[in-house]
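Take a look at the structure set out below.
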Amino acid sequence: GRSSKAVAAAASASLVLATPAASLAADGVSFLAPKNNATVSETFDTTFSVSGLTVAPAADGVQEGSGHHHLIVDGTGYKEGLVIDKDDTHFHYGKGQEEATLTLAPGKHTLTLQFGNALHESYGPKYAKTITVVVK
């Protein structure tokens, strides 16, 4: 009776203590999908996340520690403070989106995720991640 309750209490206490450390990801951005070097169809879904900063719509204005995702096709990330271009290969997710559907021509492409503030100013290389996909 009593010893099994003590064991259960100790086990749940250690789980509670272990959880914060386990959930601390390194600060930065990441692609949840697709994975690096994945083969994808011409139209495919992407999902992204950020640790260390907060996703917020650009319409909320510049707020310390917040911003939104930018996806750059076949390009590179931006130095901190530079404004991220907006064109056919630079996609802005200023409403705070964390997923998007892309359509790319067949072949090998790089996808670079770059986090930026409400003015589309880059948070720099720490908040950039590049993966490669092969479109079939």
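The values are calculated or read from the model by the stated rules, or taken from the named source; none is laboratory data. Note that the coordinates shown come from a computational prediction; the quantities given were computed from them, not determined experimentally. Positions of Cβ are backbone-derived with ideal geometry, glycine not excepted, and every protein chain shown enters the neighbour counts.
Observations on the model:
- Test: Thr39 is closer than 14 Å to Leu111 by Cβ and more than 18 Å from the chain's Cα centre (by Cα): yes
- For the range 16-25, the count of residues that are touching a Ser or Thr at 6+ places or on another chain (Cβ under 6 Å), at pLDDT 95 or above and in a loop (DSSP other than H, G, I, E, B) is zero.
- Residue check, Gly96 among the small types (Gly, Ala, Ser), farther than 13 Å from Thr46 by Cβ, surrounded by fewer than 19 Cβ atoms within 10 Å (Cβ to Cβ) and touching a helix residue (DSSP H, G or I) at 6+ places or on another chain (Cβ under 9 Å): yes
- Of the set (1) under 21 Å from Asp27 (Cβ atoms); (2) surrounded by 14 or more Cβ atoms within 10 Å (Cβ to Cβ); (3) touching a Gly at 6+ places or on another chain (Cβ under 9 Å), all apply to Gly81 but (2).
- Contact annotation: residue pairs with Cβ atoms under 7 Å, 6 or more positions apart or on different chains, pairing a residue in the range 85-99 that is part of a strand (DSSP E or B) with a partner that is of a type in the set (D, E, K, R), are His92/Lys86; Glu99/Asp45.
- The set of residues in the range 35-66 that are under 24 Å from Val134 (Cα atoms) and assigned to a loop (DSSP other than H, G, I, E, B) comprises Lys35, Asn36, Asn37, Ser41, Glu42.
- Scan the range 103-127 for residues that are out of contact with any His (no Cβ under 9 Å at 6 or more places or on another chain) and aliphatic (A, V, I, L, M) and the total you get is 4.
- Residue within the range 89-98 that is touching a strand residue (DSSP E or B) at 6+ places or on another chain (Cβ under 6 Å), under 19 Å from Ala59 (Cβ atoms) and β-branched (Val, Ile, Thr) present: no
- Residue in the range 62-76 that is without any contact (Cβ under 8 Å) to a residue 24 or more places away in the chain and buried (at least 17 other Cβ atoms within 10 Å of the Cβ) present: no
- Residue count, the range 99-136 (criterion: out of contact with any helix residue (DSSP H, G or I) (no Cβ under 6 Å at 6 or more places or on another chain), buried (at least 17 other Cβ atoms within 10 Å of the Cβ) and closer than 22 Å to Gln63 by Cβ): 9
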